[in-house]
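Every read-out reported here was derived from the displayed coordinates using simple, explicitly stated rules and does not represent laboratory data. These numbers were taken from a predicted model, which means no experiment stands behind them. So basically every Cβ, Gly included, is an ideal-geometry build from the backbone, and we count neighbours across all protein chains shown.
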Amino acid sequence: DQQVKQNSPSLSVQEGRISILNCDYTNSMFDYFLWYKKYPAEGPTFLISISSIKDKNEDGRFTVFLNKSAKHLSLHIVPSQPGDSAVYFCAAANTGGFKTIFGAGTRLFVKA
Amino acid sequence: GAVVSQHPSWVICKSGTSVKIECRSLDFQATTMFWYRQFPKQSLMLMATSNEGSKATYEQGVEKDKFLINHASLTLSTLTVTSAHPEDSSFYICSARAPDLARYGYTFGSGTRLTVV
């Protein structure tokens, strides 16, 4: 039972353009959502998060949008840079229960 | 900050032996830590939730006797892979909830690559 889904295993974007990474969740008990960037053989690096009481959070080039009715969130990176190339994981948490569930990840390629 | 240190970063052990992995929160106290496992080209799978001073909560399908978790202090959780076999070879990562969740999220260690030969 995949509670958090990232349906695109990979995404290729030209440098300078926008990268949009999508994530869907099924459990309405999730109240906090996070995006992580990960390189092979390293732990995930936290990028940005959003509480379920908000629908948008922005931090520099990264913006996360949350659509609670659709149980959908997305990460926008603009402008995309070659250094953004990595695997991006979406995660959903229930802050009361402290459990965090990850999606399968989307590999982003930013071409120079 | 909210730093989680994980040790060792890689380990090779013989089949049948046990391996202990440590996860420390360096600049904050963590009553709860999490242990994940990642197979090649797959997502992070939550194995268990480690609770300070009490028993860990294991996810369905994770063998409690195989993966022993101890959370003896507010800054240290350990995962012991007992009687390791080649199929236990994987990348294990711990995480803890940072006090400033919005700024640091759930902070992760750097991971441990376990190879059982």
Mind checking which of A:101, A:33, A:86 is farthest towards the positive end of the protein assembly as shown's charge dipole, using Cβ charges of +1 (Lys, Arg) and -1 (Asp, Glu) about the Cα centre?
A:86
As a test, work out the antiparallel percent of DSSP beta bridges whose residues both lie in the stretch A:13-112, rounded to the nearest 5.
95
By the Cα gyration tensor axes a ≥ b ≥ c (a/c under 1.5 gives rounded; else a/b larger than b/c gives prolate, otherwise oblate), the shape of the stretch A:28-112 is oblate
Report the relative contact order of chain B, percent, no decimals, based on alpha-carbon pairs under 8 angstrom and at least 6 residues apart.
37
Over chain A, what relative contact order in percent results from Cα pairs under 8 Å that are six or more residues apart?
37
Span per principal axis, largest first, for the Cα atoms of chain B (Å)
40, 30, 24
Residues of the stretch A:13-42 with amide nitrogen under 16 Å from the 7 Å Cα-to-Cβ point of residue B:41?
A:40-41
With the cut-off at 31 Å, tell me which of the pairs A:54/B:20; B:14/B:41; A:54/B:64; A:38/B:66; A:71/B:64 have Cα atoms farther apart than that.
A:54/B:20; A:54/B:64; A:71/B:64
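Does the stretch B:69-117 classify as rounded, prolate or oblate by the C-alpha gyration tensor (a ≥ b ≥ c root eigenvalues; a/c under 1.5 gives rounded; else a/b over b/c gives prolate, otherwise oblate)?
oblate
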How high is the relative contact order of the stretch B:75-117, in percent, with contacts defined as C-alpha pairs under 8 Å that are six or more residues apart?
45
Need one word for the stretch A:1-56: rounded, prolate or oblate. Basis is the Cα gyration tensor (sqrt eigenvalues a ≥ b ≥ c); a/c below 1.5 gives rounded, then a/b vs b/c decides.
prolate
